[in-house]
1. I'd like to check something: does the stretch 156-165 contain any residue that is acidic (Asp, Glu), at pLDDT 95 or above, within 16 Å of the chain's Cα centre (by Cα) and at negative phi?
2. From the set of residues in the stretch 129-148 that are within 16 Å of the ligand (Cβ to nearest atom) and among the hydrophobic types (A, V, I, L, M, F, W, C), which is farthest from residue 82 (Cα to Cα)?
3. Within the stretch 208-228, take every residue that is more than 9 Å from the ligand (Cβ to nearest atom) and closer than 12 Å to residue 36 by Cα and give me the one that is nearest to the chain's Cα centre (by Cα).
4. Among the residues of the stretch 30-40, is there at least one that is part of a loop (DSSP other than H, G, I, E, B) and surrounded by 13 or more Cβ atoms within 10 Å (Cβ to Cβ)?
5. Going by the conditions given, is residue 83 buried (at least 19 other Cβ atoms within 10 Å of the Cβ) and within 15 Å of residue 131 (Cα to Cα)?
6. So, of the residues in the stretch 175-203 that are near the ligand (Cβ under 8 Å from one of its atoms) and not small (Gly, Ala, Ser), which turns out to be nearest to residue 135 (Cα to Cα)?
Amino acid sequence: MTTVEPVSVADNLARVRGRIAEAARAAGRDPGEVTLVAVGKLHPAERVEAALAAGHRVFGENRVQEAEAKFPALKAGHPDLVLHLIGPLQTNKARVAVALFDVIETLDRPKLARTLAKEMAARGRRPACFIQVNTGEEPQKAGVAPAEADALIALARDELALPVEGLMCIPPLDEEPALHFALLREIARRNGLAKLSMGMSDDFETAIRFGATHVRVGTAIFGPRPPR
Ligand SMILES: *Cc1c(COP(=O)(O)O)cnc(C)c1O
């Protein structure tokens, strides 16, 4: 049962964009402040191409290897494509990540910050960085602990001069996401960071209410993911 059901990516995109605009307006925000990151992981490149054909340009992938297989060709055809890394980054993949991604949302530890600084200097390419915060303090999940976030931000942004623009989180599945969105917003506020990547298919409207500037939406655009 691995047949891929037909999905109208263009229709889904239009619907999600409409929901984003409505949620933003309801929160008294300008819908233009919210960037939709379309997450096509595990979906074939054709679905990403359908999104590109519908005018969408901002995409997210959670695995470096999968992005390496899919995106160089798509980027060649669409130089204005913007690619976000939204999954864990091993230091030995930092070089590839700096070359391929435009935004790295998953900076979560000092060693990775130092490696990224070195690779960016060597490459002369500076992808924007978000610090991933493990707001639920889940042991199996990536992200810096909330209590250590300020120190990591200071190291990455102030000491290493990385282009740190914001914070990212993935709330625990079984908890009220709003509490996590509020915590992320507070850490960003006290550190003077303007961008917040939070909210997925099931909770992006709530995230927008709490100030999300980037929502990462997969299923609501591309349909259910085939098994890995
Ligand atoms: C897969 C993924 C998403 C998208 O999830 P959906 O629930 O399908 O919208 C968002 N963020 C991250 C980090 C992901 O890995």
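The values are calculated or read from the model by the stated rules, or taken from the named source; none is laboratory data. Note that the structure is predicted; figures quoted are calculated from it, not measured. When we count neighbours, we look across all protein chains shown, and the Cβ atoms used for this are built from the backbone with ideal geometry, even at glycine.
1. Yes, some residue in the stretch 156-165 is acidic (Asp, Glu), at pLDDT 95 or above, within 16 Å of the chain's Cα centre (by Cα) and at negative phi.
2. Per the stated criteria, the residue is 144.
3. Let us first name the residues in the stretch 208-228 that are more than 9 Å from the ligand (Cβ to nearest atom), namely 208-214, 223, 226-228.
Next, from what is left, pick out any that are closer than 12 Å to residue 36 by Cα: 208, 212-214.
Details: 208: 14, 212: 11, 213: 10, 214: 7 Å.
Ranking the candidates gives 214 first.
4. Within the stretch 30-40, one or more residues are part of a loop (DSSP other than H, G, I, E, B) and surrounded by 13 or more Cβ atoms within 10 Å (Cβ to Cβ).
5. No; evaluated as a whole, the condition is false for this residue.
6. Going through the stretch 175-203, the residues near the ligand (Cβ under 8 Å from one of its atoms) turn out to be 200-202.
Still in the list and also not small (Gly, Ala, Ser): 200, 202.
On the way: 200: 15, 202: 18 Å.
Among those that are near the ligand (Cβ under 8 Å from one of its atoms) and not small (Gly, Ala, Ser), it is 200.
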